[in-house]
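To start, the structure itself, in structure tokens.
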Amino acid sequence: MTASRPVQPRPGDPAITPALIAEHGITDEEYRRLVEMLGRAPTFTELGVVSALWSEHCSYKHSRPLLRTLPTNAAYVLQGPGENAGVIAIGDGLAVAFKIESHNHPSAVEPYQGAATGVGGILRDVFTMGARPIAMLNSLRFGSLDSARVRYLFGGVVKGIGDYGNCVGVPTVAGEVVFDPAYEGNPLVNAMCVGLLRESELMRAVAQGVGNPIIAVGARTGRDGIHGASFASEDLSEANEAKRPRVQVGDPFTEKLLLEASLELIHSGHIVAIQDMGAAGLTSSSAEMAARGDVGVTIDVEKVPVREPNMTPYEILLSESQERMLVVAIKGHEDAVRAILEKWDLTASVIGEVIAEPVYRVTEGDRVVAEFPGTRLVTDCPTYTPPAAEHPDIVALRARDVSAIAERPEERDPAWTLLQLLSSPTLANKAWVYRQYDSSVRTNTVVGPGGDAAVLRVRGTDRAIAVKTDGNGRYTYLDPRAGARIAVAEAARNVACAGGRPMAVTNNLNFGNPRKPDVYFQLREAVAGMAEACAALGTPVTGGNVSLYNETPRGAIYPTPVIGMVGVVDRLAHVTRSAFAHAGDAIVLLGEPTASIGASEYLQRVHGTVAGAPPACDLAAERALIDALLDAIGAGDVRSAHDCADGGLAVALAECAIMDRDHPLGARVDLSPWRGLPLRGLLFGEAQGRVLLSTPHAERVLAAAGRHGVPARAIGTVTGGPSLEVAGTARPFTVPLDRLADAYFESIPRIMARTASAASDSPATTAV
Amino acid sequence: MTRFRVSLHVTPRRGLLDPQGKAVTDALHTLGFAAVRDVHVGRHIVVELDAADRPAAEREARRMCAKLLANPVTEDFEIAAVEGGAA
Amino acid sequence: MKFGIVTFPGSNCDYDAYRAVVEVLGEEAEFLWHKEHDLRDADVVILPGGFSYGDYLRPGAIARFSPIMTEVVAHARRGGPVLGICNGFQIACEAGLLPGALLRNAGLKFVCEPVRLRVENAATMFTSRYRAGQELTIPIAHGDGRYTADDQTLARLEGEGRVLFRYVGGGPGADEWWSPNGSMRAIAGIVSDEGNVLGMMPHPERAVNELLGSADGIGVFESVLSRVNA
């Protein structure tokens, strides 16, 4: 099987012309590099393989040099970037595997399948590490809900996420949904999976052991999704509507079988490596596993089970058919592997083996159709550091004096403004979304969707895991470095509000075309900001995903770094919720309001303005805040804690009062200490480093804050009454809780009811 | 034996609440198809099978519907077409 | 006493049912593989929630033909307790162990949330630990939970006290479809004419620990335990 034979083009293969090379998205320089590596011209099959592996999606060629600057180390990091998922130890021999990934482009074309297969892919990335998936999160961005097309995309994505995760039986516990015209036509669908494993069962996708068989497992290979990876590396344009055949179709039922079978395989000791055949399918999974193990592999495409007749090696290698895995088994254990898969009604076919010869070889029967020296297919991929320059328009927007924007007449009643913000689809309650997600299956969900971070207990221990996704594209648009810092800080703050110590980060960088200097500037600065924040908060980056070319004919999306944060709650007793819990408790604000309204939701919602500088983010202060909060929670002094950020103090207060919809508790606060601040900055400014908490022991909480140098003040009381009263300002106001609740809870359902009859929200007519 | 292609329609039983049919009706009305009176959304199933003759193919398809393909409590079925074999 | 929990391909609440029995009830439980013909001496069989066979065709339609179902049906005919939860309820209906059918939710969407239920009859082997009229909080999580049956069946179920759980919250004048899934007469759970097969859409196995929001579901398991041990 290892005898060297010359590579032969297949009869019928198209000739390698400059046009064909360009069609494959390969630049002249990259082609020269390829010819130099091979010492000859590539075959059509080889061209396809390279085009997939050197696509942005697989190779990270525009981001890799930047990503190398991220902090990735901590004593508890068992697996950093470069594997299917990151892994951290959480004590007692247990570990958590987690990763976030985007499916933006497929979702723009076919929202239901695009989102569903995104969930499927990230699940496979986690369970191939040997982890049992215990939670899904997501981070979604859509255009304005005023558009029927956006409502269709929104409904389809939510249904796709729900149907897939629900069927597989992994709870979807947290996420964020933001609506902004900047994402019109290019929604962002980022899905995160969290899994639990024993440290001793950690599996890596590293091919090893000469003679070990390579086995294809799961669904058969069809023509779907060919060149999906390169698809994800192009601008979205109207022409893409015609590219629908590229979109893959998910089968969560097979995924569930694969999940159970894979975990059984990993625990059986019969295999040495396993990887999802995800983007660029068989090609990338086999080449990446070989590169990690620094071994040679040979694969015979004639042995790959196919769904359609007459598939070429090119198609088999690049197919992105879903629910397939590639396994390296221990030689002689093939039957044992097959038996496990058969139990789960899955097929296994030996399609190749690990070889001593340093070569990546693909055959079709006896014919060698592709052959690359060593692991250079993966390691020789070019990287780029294109020119970067901030767009002058952004500089001007940031510098704009937004405090000069005149108030609208209605704003004389701050309650009006508050209701406007609470009913903004971005801030409003997302029950319309998460009610469609099974959030309680597997019975670990202590705190589900709707609050700050979600909390999952870890069975057999007194601990829990707190998880959250966060990002703010508007901040990042106006100031990329600040926006990314805030995304990390806010995710950490959310985890801390739930009682968790922030531990580690996975990230999803959603940006436009990096070859545009202003976009590359955003990417570079955002990565720098993320690196600063992760270093300062002690939360290393263990992996992530980069999605570039998020553009529409109207231009690039907001640059949107999304942070997936994982934290550990030391004791179940420390799990803390967001909503006020007890009448008579004192309300304490940790951190300080400021005059700033730059980049705020208030400016966008009330004034239709995206401008000004995002709030300052003092990372040392953020860290102190988290320490102070966790101290107070650990002492048992905190009854509720809520991040005070998007929408500002007034929105945070209202949320605390009404978030537990069945048990709303009114409150009265006195903000006279800040009477000197402009009222809208005080009420609706989004100063960072703040947490709103309720406590029966205000003095003890204030003392804890003092020990950490965190400004803190008791600002009022949970009255338990029917209204929210805000006094001590130039315009005191009182607003009934039921009006707040109506704005907050009914806003999205009312908008979606407009298209309730959109049976078209899914083209599928069969049952769930 | 001859190869036949039997097309089956499975629809919600008349009179039962059909929320999907109603939703589609509303959507069509919204789109200006005012003349739409009612919509029923069901399943279209194509079974390819070998049978001695056309009646035998139909008979087998009916048995499949009764046993698995339709729920007798809530669904009706009809054989829409049988293709293949001699006419 | 031993609970047998059937694992179909696509079951995903089998584990939760197992944990509820073993950790909360302190009883023995074993998973029963769908391809087998052996209940392994289980006293009580649980058909758990999930998406058996991906809910393809109709929820439960394919699972009811699994080999193990022959034994489950025989166990039920002998009077053995069978507890069908969510997808298990759907399977039990498809298998003819319970009357009626579960159709797509009236709202056409999957719904996951804690719901209020009323115990309509506490004199059954599945509800003896409750009081009639007692209200419980138990989560639902399904896309096809709209209980549907013909008038005659409904009349019999009501007349024989076989509606065990009903969704609460419709209020006076609410139309028939107000409940979370639009079930006829807001029916959430019913029992077979012999009283030994329970089907319910809400998940009692997810409501066995206050930490996770409610422990109101324990009563179902404790009731059947006290009956079998008696």
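May I ask you to evaluate 6.51 cos²θ - 1.76 cosθ + 1.60, the Karplus curve with θ = phi - 60°, for each residue of the range A:92-106 and list the ³J(HN,Hα) values in order in whole Hz, giving x for glycine and proline?
After applying 6.51 cos²θ - 1.76 cosθ + 1.60, I find 6, x, 9, 9, 10, 9, 7, 6, 10, 8, 9, 9, 5, 5, x Hz.
Count, for each residue of B:22-35, the Cβ atoms from other chains sitting within 10 Å of its Cβ, then give me the mean as a whole number.
3
Across 5 Å bins from 0, what is the distribution of all Cα-Cα pair distances for the range A:617-714, in whole percents?
2, 13, 21, 24, 23, 14, 3, 0
Just to confirm a number: summing +1 for Lys and Arg and -1 for Asp and Glu over residues other than A:A466 whose beta-carbon lies under 13 angstrom from that of A:A466, what do you get?
Local charge sum for A:A466: +3.
With a bin width of 5 angstrom, please list the P(r) values of the range C:104-214 as percents of all Cα-Cα pairs, from the 0 bin to the one holding the largest distance.
2, 12, 21, 26, 21, 13, 4, 1, 0
Taking the Cα-to-Cβ direction at C:E158 and at A:A339 and moving 7 Å from each Cα, how far apart do the two end points lie in nm?
For C:E158 paired with A:A339, the spin-label model returns 5.7 nm.
Helix A:148-168 versus the longest principal axis of chain A: what angle, 0 to 90°, nearest 10, using Cα atoms?
Compared with the principal axis, the helix lies near 70 degrees.
Going toward the positive end of the dipole of the range A:540-639, with +1 on Lys and Arg Cβ and -1 on Asp and Glu Cβ, which of A:G564, A:F580, A:P553 do you reach last?
Farthest towards the positive end: A:P553.
With charges set only on the Cβ (+1 for Lys and Arg, -1 for Asp and Glu), what does the dipole of the protein assembly as shown come to about its Cα centre, in debye to the nearest 20?
The calculated dipole for the protein assembly as shown is roughly 620 debye.
What Kirkwood Rh does the range B:2-84 have if only Cα atoms enter the pairwise 1/r average? Answer in Å.
14.2 Å
Have a look at B:L68, A:Q79, C:A106 and report the one farthest towards the positive end of the charge dipole of the protein assembly as shown, computed about the Cα centre with Cβ charges (Lys/Arg +1, Asp/Glu -1).
Farthest along the dipole direction, towards plus: C:A106.
Let me know the charge dipole size of the range C:2-228 about its Cα centre in debye, to the nearest 20, where only the beta-carbon of Lys, Arg (+1) and Asp, Glu (-1) is charged.
Result for the range C:2-228 is approximately 320 debye, rounded to the nearest 20.
I need the P(r) histogram for the protein assembly as shown: all alpha carbon pairs, bin width 10 Å from 0 out to the longest distance, whole percents.
2, 10, 19, 23, 21, 15, 7, 2, 0, 0
Write down the percent of antiparallel bridges among all DSSP beta bridges whose residues are both part of the protein assembly as shown, to the nearest 5.
75 percent
Roughly how many whole Å is it from the C-alpha centroid of the range A:420-467 to that of the range A:39-87?
Between the Cα centres of the range A:420-467 and the range A:39-87 lies a distance of 32 Å.
Anyone know which of C:A132, C:A29, C:A42 comes out most mobile in the 10 Å Cα GNM of chain C?
With Cα springs under 10 Å in chain C, the top fluctuation among C:A132, C:A29, C:A42 is at C:A132.
Give, as a single signed number, the net charge of other residues whose beta carbon lies under 14 Å from the beta carbon of A:P382, with Lys and Arg counted +1 and Asp and Glu -1.
With Lys, Arg at +1 and Asp, Glu at -1, the neighbours total 0.
Roughly how many whole Å is it from the C-alpha centroid of the range C:141-173 to that of the range A:366-399?
Rounded to whole Å, the Cα centres lie 60 Å apart.
Just flag the trypsin sites (Lys or Arg not before Pro) in the range A:500-571 sitting in loop per DSSP whose Cβ has no more than 12 other Cβ atoms within 10 Å.
A:R554
Rounded to the nearest 20 Debye, what is the dipole magnitude of the range A:46-201 about its Cα centre when Lys and Arg each give +1 and Asp and Glu each give -1 at the C-beta?
40 debye
Please list, in order along the range A:499-509, the HN-Hα scalar couplings obtained from phi with the Karplus expression 6.51 cos²θ - 1.76 cosθ + 1.60 (θ = phi - 60°), rounded to whole Hz, x for Gly and Pro.
3J(HN,Hα) across the range A:499-509, in whole Hz: x, x, 8, x, 10, 7, 10, 10, 9, 10, 9.
Measure nothing fancy, just the Cα-based angle from helix B:19-30's long axis to the longest principal axis of chain B, in degrees from 0 to 90, nearest 10.
60 degrees
Where q = 0.10 Å⁻¹, what log10 of I(q)/I(0) comes from the Debye formula for the range C:2-228, counting one point per Cα?
The Debye formula, applied to the Cα set alone, gives -0.38.
Please say if the range A:52-175 is rounded, prolate or oblate, where rounded means a/c under 1.5 for a ≥ b ≥ c the square roots of the C-alpha gyration tensor eigenvalues, and otherwise the choice is prolate for a/b larger than b/c and oblate otherwise?
oblate
Based on the Cβ-Cβ distance of A:A389 and A:N73, what FRET efficiency does E = 1/(1 + (r/R0)^6) give at R0 = 30 Å, to the nearest 0.05?
0.40
Write out the trypsin sites (Lys or Arg not before Pro) in the range A:1-108 meeting two conditions: DSSP loop, and at most 15 other Cβ atoms within 10 Å of their Cβ.
Answer in residue order: A:R40, A:R68.
So what are the radius of gyration and Dmax for the Cα set of the range A:344-403, in Å?
Both quantities, over Cα of the range A:344-403: 25.3, 74 Å.
Cα centroid distance between the range C:61-93 and the range A:523-594, in Å?
Here the answer is 47 Å between Cα centres.
Just want the ordering: A:S600, A:S672, from fewest to most Cβ atoms lying within 10 Å of their own Cβ.
A:S672, A:S600
Mind checking the mean number of beta-carbon atoms from other chains within 10 Å of the Cβ atoms in A:166-178?
Going residue by residue through A:166-178 and averaging, the value is 3.
Positive end of the dipole of the range A:75-234, charges at C-beta (+1 Lys, Arg; -1 Asp, Glu), about the Cα centre: which of A:S147, A:A95, A:L123 has its Cα farthest in that direction?
Final value for the positive-end residue is A:L123.
If we count every other residue with Cβ under 10 angstrom of C:N196's Cβ, Lys/Arg +1 and Asp/Glu -1, where does the sum land?
Charge balance in the 10 Å sphere: +1.
Once both labels are modelled 7 Å past Cα along the beta-carbon direction, what's the A:A616-A:T27 spacing in nm?
4.1 nm
Of all DSSP beta bridges in the range C:2-228, what percent run antiparallel (nearest 5)?
60 percent
Out of the range C:57-95, which trypsin sites (Lys or Arg not before Pro) are coil in DSSP terms and have no more than 10 other C-beta atoms within 10 Å?
Here the sparse-neighbourhood loop sites are C:R78.
The numbers here are math on the coordinates, done by the rules we state, and not lab data. These numbers were taken from a predicted model, which means no experiment stands behind them. Cβ coordinates were reconstructed from backbone atoms using ideal geometry, including for glycine residues, and neighbour counts include every protein chain displayed.
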